[in-house]
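> Encoded as C-alpha cells, here's the structure I'll be asking about.
Please treat every number below as a calculation from the coordinates, not as lab data. Note that this is a predicted model, so its numbers are computed, not measured. Glycine also receives a Cβ, built like all others from the backbone with ideal geometry; neighbour counts cover every protein chain displayed.
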Amino acid sequence: MRKKIILDTDPGIDDAMAILFAQAHPDIDLVGITTVYGNATIENGTRNALYLKEKFSFSCDVAKGTDKPIQRPPVGATVVVHGETGFGDLHSSEPEHASADPRPAYQYIIDTVKANPGEITLVTVGPLTNIALVLDAAPEITSLVKEVVVMGGAFGMNGHRGNVTPYAEANIHDDPHAADKVFTADWPVVIVGLDVTEESFFSADYIDGLKAEGGKVGEFIWDVSRYYLRFYANKLGLEGCHVHDPSAIAYVIKPELFTLREGPIRVVTDGPAEGLTLQKFDGRRHQMDDWAEMPDQKVGVAVNDKELLALYRDSIISYGKQVG
Ligand code: RIB
Ligand code: CA
C-alpha cells in the first residue's frame, strides 16, 4: 500500500527537491503540501508550492500555513541560502489555475488526519510551528497520526552540531518552542537531522546528471539549485550541497537506510544555545530530569548515503520520463 503523507515545508530549494522526490516515488501518496515561513516568507513559499503543483500537475492539495513562530521573534527569510523569494535565481510566477485550500494549514492537517485515521505520516522539512498549532487545537490527533518524520535538529553525531548557530539547526532554531512541543508529544517522532543529512552529498556532477537524464524535472532541479550551489561554494567551499529535506522523504520510502537511536528529546528554547536539540539515551536516573516523563523518540545517527543517492536519482529520472 502507498504511504500517505502530508509534507509540511518552507519552499525553499532543497524543499523543492524533496517535494519532487515525494511526488516521484511510487510508494508515496502525496496527499497534501502545507506551507510554513522559514526559508522564504509565507507568501513566497506558498506561491512556490503552488507553482510546482501547476508546473508538474500534482493532484495534491496545498494549504497555506502560519507566518511566524509561536513565541520567539521571527528570524526572517534565509535569503543568503535560498534567494529573495526562496527559489534562488528563479522567481515563481503566480499560478494561473492552482489555488490554496481555504483552510489554514493546521486545520487542513487536523481534518485530513481525522479523515484517514492511522494512515497519515506528517513529514516536516521546515519550522515546526504548524504542527505545534495542530497539537494546541486538537491534542487528540497524536493517536491518529501514523508517524511524524522531521528534518531538523543536530545531536552531535558524526561531528554535526549546527548550521545557523554553532549548536542549532535552522528549522529548530526558527521555532524552538514548537519543536519542543512536537518532540515531547505522545506520538512517534523520527528525526532526520544534520547528523545524517550532512552525511549525504549531492555533488555538482550528480545534479548535472539529473539535468541530463531527468527531463523537465531534472532541468528544474538543476535550475533552482544554481543559487544554492553558489552559497555552498562561496560560504562553505563545497562543490555541491548536503541532502537535507530529501533525506526525510528517503526515510519514509526506505527507513532501513538509516540507523536510529531511541530516547526522549528536549529543545533549548532561549539563550545562546537556543534551538539545541538534546536526546537522553542512556536510561540513567537523575535527581532532576526534564526528560524523564517524556516519550522515547528516534534520532537518525547513520545513513547509507550511496543507496540514498541512488534512490533519489532513480526516482527523479523515472519521474522525469513520465512527465516528459
Ligand atoms: O537546516 C536545513 C533545513 O533548513 C532545511 O529544511 C532547509 O530547507 C532549511 O529549511
Ligand atoms: Ca526546508
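> Roughly how far apart, in whole Å, are the Cα centres of segment 184-238 and segment 144-180?
Each part's Cα centre sits 17 Å from the other's.
> Report, in deg cm²/dmol and to the nearest 500, the calculated mean residue ellipticity at 222 nm for the chain, where each DSSP H run with n ≥ 4 adds -39500 (n - 2.57) and the sum is divided by the residue count.
On the way: 12 runs with 123 residues, N = 324.
So the helix-based figure for the chain works out to -11000 deg cm²/dmol.
> Further question on the same structure: Once R0 is set to 30 Å, what does the formula 1/(1 + (r/R0)^6) return for the Cβ-Cβ distance between residue 43 and residue 136, expressed as a FRET efficiency to the nearest 0.05?
0.80
> Let me ask something additional. Over segment 3-323, what is the percentage of antiparallel beta bridges among all DSSP beta bridges, to the nearest 5?
Around 35 percent of the beta bridges assigned by DSSP in segment 3-323 are antiparallel ones.
> Now for a separate question. If you average the sequence gap of Cα pairs under 8 Å that are 6 or more apart and divide by the length of the chain, what percent do you get for the contact order?
19 percent
> Taking springs between alpha-carbon atoms closer than 10 angstrom, which of 261, 226, 284 fluctuates most in the Gaussian network model of the chain?
The residue with the greatest mean-square fluctuation here is 284.
> Within segment 204-324, how many Lys pairs that are eight or more residues apart, or on different chains, come under 18 Å at the alpha-carbon?
Total qualifying Lys-Lys pairs in segment 204-324 comes to 5.
> What is the distance in Å between the Cα centroid of segment 261-280 and that of segment 58-131?
The distance from the Cα centre of segment 261-280 to that of segment 58-131 comes to 24 Å.
> Give me the extension gain from residue 205 to residue 230: residue separation times 0.36 nm, minus the current Cα-Cα distance, reported in nm with one decimal.
Working: separation 25, 0.36 × 25 = 9.00 nm, distance 1.41 nm.
Gain on stretching residue 205 to residue 230: 7.6 nm.
> Relative contact order, percent, of segment 195-241 when contacts are C-alpha pairs under 8 Å separated by at least 6 residues? Mind dumping the intermediate values first?
On the way: 37 pairs, mean separation 17.5, N = 47.
After rounding, I find 37 percent.
> If you build a Gaussian network model of the chain, linking Cα atoms that sit under 10 Å apart, which residue out of 87, 201, 21 swings the most?
Sorting by GNM fluctuation, first place goes to 201.
> Show me 295-301, 125-131 ranked by packing, highest mean number of other Cβ atoms within 10 Å first.
Peptide ranking by packing, descending: 125-131, 295-301.
> Next question, about the same structure. Cut-off 10 angstrom, C-alpha nodes, Gaussian network model of the chain. Which of 112, 197, 277 fluctuates the most?
Judging by the Gaussian network model, the answer is 112.
> OK, next. Only counting other Cβ atoms within 10 Å, I'd like 206, 37, 232 sorted with the fewest neighbours first.
Ascending Cβ contact count within 10 Å gives the list 206, 232, 37.
> How much of the DSSP beta bridge set in segment 1-139 is antiparallel, as a percent to the nearest 5?
0 percent
> Points 7 angstrom from Cα along the Cβ direction at residue 71 and residue 238: gap in nanometres?
Label-label distance for residue 71 and residue 238, simple model: 3.1 nm.
> Could you line up 280, 181, 306 from fewest to most neighbouring Cβ atoms inside 10 Å?
Going from least to most buried by this count: 306, 280, 181.
> As a footprinting exposure proxy, order 314, 186, 10 by other Cβ within 10 Å, with the fewest listed first.
186, 314, 10
> On to the next question. If packing is taken as the average number of other Cβ atoms within 10 Å across a peptide's residues, how do 150-158, 170-178 rank, most packed first?
Highest to lowest by the protection proxy: 170-178, 150-158.
> If you don't mind, another one. For labels at residue 213 and residue 114 in the simple 7 Å Cα→Cβ model, what's the distance in nm?
Roughly 4.6 nm, to one decimal.
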